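The structure appears below as structure tokens.
The values are calculated or read from the model by the stated rules, or taken from the named source; none is laboratory data. The structure displayed is predicted, hence computed values, not measured ones. Neighbour counts are summed over all protein chains in view; Cβ atoms, including those assigned to glycine, are modelled from backbone coordinates with ideal geometry. With ligands, DNA and RNA removed, areas are computed over all heavy atoms of the protein, side chains included. Shrake-Rupley method; radii C 1.70, N 1.55, O 1.52, S 1.80 Å.
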Amino acid sequence: MSDPARLLGEARRELARLVPTLDALLDDLDAATARARPIPGEWAPIEILCHLRDEEQEDFGARLRAVLDGQTAFAPIAPEQWVEARRYREAELAPTLDDLRTRRADSLAFLASVSPERLRAAVSLPRLGALSGLDLLVAWVAHDRLHVRQLAGTLARLWANRWVPLKAEYAGPIPYAPRGQAPGLVAATPAEI
């Protein structure tokens, strides 16, 4: 098993990177682009941001606290349903990012107070089996990275769509190609340029 102290330290460092990364990606993004979906059924930038904000307290933070408090079950959550139920697309970018910033700072302060050995405790789940505090920390960082990738892909598609018929796909495959269209051209080799 992983060294809890090492994992906790590395996870805190990695979790601290999210908000500055989001600041860089979302700086000066206009409201229309923030609410635009790259294709139907995929999330707009503001929806991704709202998801990260709500998951901060209601999923990873709450579930880690449940493990550390010795609880035997987690409160149910429905993050995919929250997108519509909580009307994420109507949210404003700056206040949502500020709220996430505050929640992440609170999470990092909480993690600074956690005794690493306590992270070995676990809650048993029907599908996954035992889920420890260590598992949750690893998943929390992975979750951040998955949604940064999703946000970057969404922003790339929205940028490419904005400049049609220019060939943004020259850069490489762009996620979320419209139905019936290939994800993008393969970038040219230096010999083809």
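Compute the signed sum of charges (Lys and Arg +1, Asp and Glu -1) over the other residues within less than 9 Å, Cβ to Cβ, of Ala75. Combined, the nearby Lys, Arg, Asp and Glu give 0.
Net length available on complete extension from Ala177 to Ala130 is 13.1 nm, with 0.36 nm assigned per residue and the Cα-Cα distance removed.
Ordering Ala5, Ala171, Trp159 by Cα displacement along the dipole of the chain toward the positive end leaves Ala171 in first place; charges were set at the Cβ atoms of Lys, Arg (+1) and Asp, Glu (-1). Surface composition of region 1-127: carbon plus sulfur atoms hold 50% of the accessible area, using a 1.4 angstrom probe and ignoring ligands, DNA and RNA.
Of the chymotrypsin sites (Phe, Trp or Tyr not before Pro) found in region 150-181, those in coil by DSSP whose Cβ has at most 14 other Cβ atoms within 10 Å are Trp163. Taking 0.36 nm per residue of separation and subtracting the current Cα-Cα distance, fully stretching the chain between Ala73 and Glu92 would add 3.5 nm.
Per residue, the solvent-accessible area of region 46-105 (1.4 Å probe, heavy atoms of protein chains only, all protein chains present) comes to 49 Å².
Largest accessible area first, the listed residues Glu14, Glu117 line up as Glu117, Glu14 when surface is computed with a 1.4 Å probe on the assembled protein chains.
The 3J(HN,Hα) values that the Karplus relation (6.51, -1.76, 1.60; θ = phi - 60°) gives for region 14-29 are, in residue order, 5, 5, 5, 7, 4, 4, x, 5, 5, 4, 5, 6, 9, 4, 6, 6 Hz. Gly and Pro appear as x. Using the C-alpha atoms of region 31-71, what convex hull volume per residue, in cubic angstrom, is computed? Hull volume over Cα atoms, normalised by residue count, gives 54 Å³. Radius of gyration (Cα atoms) of region 1-135, expressed as a multiple of 2.2 N^0.38 Å: 1.16. Where the centre of each part is set by its Cα atoms, how far does region 113-169 sit from region 52-67, in angstrom? If you average the Cα positions of each part, the centres end up 13 Å apart. Placing +1 on the Cβ of every Lys and Arg and -1 on the Cβ of every Asp and Glu, with no other charges, gives the chain a dipole of roughly 300 debye about its Cα centre. For region 148-164, putting each phi into the Karplus relation 6.51 cos²θ - 1.76 cosθ + 1.60 with θ = phi - 60° gives couplings of 5, 5, 4, 5, 4, x, 4, 5, 5, 5, 5, 5, 4, 4, 5, 10, 4 Hz, in residue order, rounded to whole numbers and with x for Gly and Pro. A full extension of the chain between Asp23 and Arg101 corresponds to an added length of 27.1 nm, given 0.36 nm per residue minus the alpha carbon distance.
How charged is the neighbourhood of Arg179? Take every other residue with its Cβ under 15 Å from the Cβ of Arg179, and add Lys/Arg as +1 and Asp/Glu as -1. Net of charged neighbours comes to +1. Among the trypsin sites (Lys or Arg not before Pro) within region 71-146, those in coil by DSSP and having at most 12 neighbouring Cβ atoms inside 10 Å are Arg87, Arg127.
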